[in-house]
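Participant: This structure is in C-alpha cells; I'll ask about it shortly.
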Amino acid sequence: MVTWLSALSKTRNRVGAAFSRVFKRDQVLDEDTLEELEDTLLQADVSMRLVTEWTDQLRKSYRGLEVSRREIIRGFLLRALGDAPAFEWPQQPAPFTILLVGVNGTGKTTTAAKLAWRAMQEGKQPLLAATDTFRAAGADQLRIWAERVDCDVVAGQQGADAAAVAFDALMAADARKLDTVIIDTAGRMHTRQPLMNELAKVRRSITSRLKRDPDATWIVLDASMGQNAIIQARQFNEMVPLTGAIITKLDGSAKAGFAFSVIKELGVPIRFAGLGEGMEDLIPFDPEAFVDGMLGPEEP
Ligand SMILES: Nc1nc2c(ncn2[C@@H]2O[C@H](COP(=O)(O)OP(=O)(O)OP(=O)(O)O)[C@@H](O)[C@H]2O)c(=O)[nH]1
Ligand SMILES: [Mg+2]
C-alpha cells in the first residue's frame, strides 16, 4: 500500500527546500526566503491568491522573529483544507448513489471499482453501473475490475443511452436489495456542450428514479492537471452540481498544491485520494497526512 509520504514525494521535492529554509529556527525569516517560498508554492500549483495570503501573514507576523515556523505554516495549510468531517458511508438513504464525473482519463472507472471495494470493506453491498457506452471497452474495463473486487455490475451496450443504463442500475439495486450504487460515466471534455448535456440527462434520470438528487456527485480530478482541473470542475459544476471531489494520481504529480483550490475556490470537500494503482490505494482524504506529506518529516 502506498503511503501519503511516498505519494507526495514529487510535490515535496519541488517545495521541500524552500520550506526547510523557512523552517530553520536559527535564521531570520528574510524577504528572499519568503519570495522563494512564494515561487515554489506556485510551482506546486497552489493558487496565487492562497500563496499571497499565506506569505503575507508570515510577513506581517513573523518576519525577523526566530520562532518555530513549521507549526505556523502547517496551521495555514490545514486551515486551508477546511474542516469538513471525513466521509463516512451512510446507512440512509438507500441505495446511497454516487455519480462519478470528469474529463477523459482522470481515473473514473478504476476509482469506481476501488470505491466499491472500500464500500465492501465497510460492510456495504454495492452495485457498479457502467454508463460509459461510448466505447465497448468502457464497460469491459469496469466489468474486469468488478470481477476483481467481486461486485455486481450493470452495464449498457455500446451506443446505449447512458441515462437509461443509470436508471436500470438503480432498479437492479432495488431488486437485489443492494445498498450502494456507484455510477461510472464516460470521460468528456468540459467544453463539449452536447456531452455535458448528456451528463445532465444522466443526473436527471437518477433523480427521477430516486425521487431525490444523487446522494453524491463527485468529480474525479487528475492531480497532474494542477490548476487546470479547477477550470474543468467549474464547468462540470454548472451542469451537475458537485458535492465532492476525488483527486487521483497524487503519486505521479508535483502539483498536489491544487488540492487547496478544490476546497477554497471550488468549495467542495475532497472525499478520497488516489495514491497509486492498487485496489487499496484509493483512500479517504486525510488533511493532516496530506499536509505532512507535503512538508516532509520534521527535522530534528
Ligand atoms: N498512479 C496512479 N494511477 C492511477 C490512479 N488512478 C487511476 N490511475 C490510472 O489512470 C489510468 C486511467 O484510469 P481510468 O479509470 O481508465 O480513467 P477514466 O477516467 O475512467 O478514463 P475515461 O473513461 O477514458 O475517461 C489507468 O491506467 C489507472 O490505473 C492513481 O491514483 N495513481
Ligand atoms: Mg472510464
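The values are calculated or read from the model by the stated rules, or taken from the named source; none is laboratory data. On a predicted model such as this, the values are computed, not experimentally measured, just so you know. All Cβ positions, glycine included, derive from the backbone under ideal geometry; neighbour counts span all protein chains shown.
Participant: Could you tell me which residue of segment 208-249 is surrounded by the most Cβ atoms within 10 Å (Cβ to Cβ), considering only residues that are among the hydroxyl-bearing types (Ser, Thr, Tyr) and under 24 Å from Asp168 (Cβ atoms)?
Facilitator: Filtering segment 208-249 for residues that are among the hydroxyl-bearing types (Ser, Thr, Tyr) and under 24 Å from Asp168 (Cβ atoms), the one surrounded by the most Cβ atoms within 10 Å (Cβ to Cβ) comes out as Thr217.
Participant: Of all residues being under 20 Å from the mean Cα position of the chain (by Cα) and among the small types (Gly, Ala, Ser) in segment 114-128, which is surrounded by the most Cβ atoms within 10 Å (Cβ to Cβ)? Just the residue, please.
Facilitator: The qualifying residue surrounded by the most Cβ atoms within 10 Å (Cβ to Cβ) is Ala116.
Participant: On the given criteria, is Asn197 away from ligand 2 (no atom under 16 Å from the Cβ), within 28 Å of Gly252 (Cα to Cα) and surrounded by fewer than 19 Cβ atoms within 10 Å (Cβ to Cβ)?
Facilitator: Taking the combined requirement at face value, the residue does not satisfy it.
Participant: Next question. Check segment 19-28 and report whether any residue there is under 30 Å from Asp215 (Cα atoms) and surrounded by 13 or more Cβ atoms within 10 Å (Cβ to Cβ).
Facilitator: The answer is no; no qualifying residue exists.
Participant: Right, next: Being of a type outside the set (Asp, Glu) and either modelled with pLDDT under 95 or touching a Pro at 6+ places or on another chain (Cβ under 8 Å) (or both) is true for just one of Gly296, Gly276. Which residue is that?
Facilitator: Gly296
This table checks each residue for (1) of a type in the set (Ser, Thr, Tyr); (2) surrounded by 17 or more Cβ atoms within 10 Å (Cβ to Cβ); (3) within 16 Å of ligand 1 (Cβ to nearest atom); (4) closer than 17 Å to Arg14 by Cα.
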position	(1), (2), (3), (4)
Glu38	no, yes, no, yes
Asp45	no, yes, no, yes
Asp56	no, no, no, no
Leu81	no, yes, no, no
Ala86	no, no, no, no
Thr111	yes, yes, yes, no
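Participant: At pLDDT 95 or above, surrounded by fewer than 17 Cβ atoms within 10 Å (Cβ to Cβ) and out of contact with any Leu (no Cβ under 9 Å at 6 or more places or on another chain): is that true of Ala137 in this structure?
Facilitator: Considered against the rule, which asks whether it is at pLDDT 95 or above, surrounded by fewer than 17 Cβ atoms within 10 Å (Cβ to Cβ) and out of contact with any Leu (no Cβ under 9 Å at 6 or more places or on another chain), Ala137 comes out as no.
Participant: Could you please find all residues in segment 254-273 being of a type in the set (A, V, I, L, M), under 23 Å from Gly16 (Cα atoms) and in a loop (DSSP other than H, G, I, E, B)?
Facilitator: The answer is Ala254, and nothing else.
Participant: Continuing with this model, one more query. Could you list all residues from segment 1-41 that are assigned to a helix (DSSP H, G or I), in contact (Cβ under 8 Å) with a residue 40 or more places away in the chain and of a type in the set (A, V, I, L, M, F, W, C)?
Facilitator: Trp4, Leu5, Ala7, Val15, Phe19, Val22, Phe23, Leu41 - these are the residues of segment 1-41 that are assigned to a helix (DSSP H, G or I), in contact (Cβ under 8 Å) with a residue 40 or more places away in the chain and of a type in the set (A, V, I, L, M, F, W, C).
Participant: Using the structure shown, decide if Gly75 is more than 23 Å from Phe167 (Cα to Cα) and within 16 Å of ligand 1 (Cβ to nearest atom).
Facilitator: no
Participant: Take the residues in segment 171-189 that are out of contact with any Ser or Thr (no Cβ under 7 Å at 6 or more places or on another chain), more than 16 Å from ligand 1 (Cβ to nearest atom) and among the aliphatic types (A, V, I, L, M); name whichever of them is farthest from Thr109 (Cα to Cα).
Facilitator: Ala175
Participant: Which of the strands (runs of 3 or more DSSP E) found entirely inside segment 138-229 contain at least 1 residues meeting this: over 23 Å from the mean Cα position of the chain (by Cα)?
Facilitator: 152-155
Participant: Considering only residues that are in contact (Cβ under 8 Å) with a residue 12 or more places away in the chain, in a helix (DSSP H, G or I), small (Gly, Ala, Ser) and within 16 Å of ligand 2 (Cβ to nearest atom), which ones fall in segment 89-137?
Facilitator: Of everything in segment 89-137, those that are in contact (Cβ under 8 Å) with a residue 12 or more places away in the chain, in a helix (DSSP H, G or I), small (Gly, Ala, Ser) and within 16 Å of ligand 2 (Cβ to nearest atom) turn out to be Ala112, Ala113, Ala116, Ala136.
Participant: Against the condition within 16 Å of ligand 1 (Cβ to nearest atom) and at pLDDT 95 or above, how does Lys249 come out, does it pass?
Facilitator: When the stated conditions are applied, Lys249 passes them.
Participant: Checking the conditions here, which among Ser261, Ser253, Ser205 is under 23 Å from Trp145 (Cβ atoms), in contact (Cβ under 8 Å) with a residue 40 or more places away in the chain and buried (at least 16 other Cβ atoms within 10 Å of the Cβ)?
Facilitator: Ser253
Participant: Considering only segment 216-237, I want to know if a residue exists there that is among the β-branched types (Val, Ile, Thr), away from ligand 2 (no atom under 16 Å from the Cβ), under 25 Å from Cys151 (Cα atoms) and without any contact (Cβ under 8 Å) to a residue 60 or more places away in the chain.
Facilitator: no
Participant: Now, a different point. For Glu122, indicate whether it is more than 11 Å from ligand 1 (Cβ to nearest atom) and under 24 Å from Val268 (Cα atoms).
Facilitator: Taking the combined requirement at face value, the residue satisfies it.
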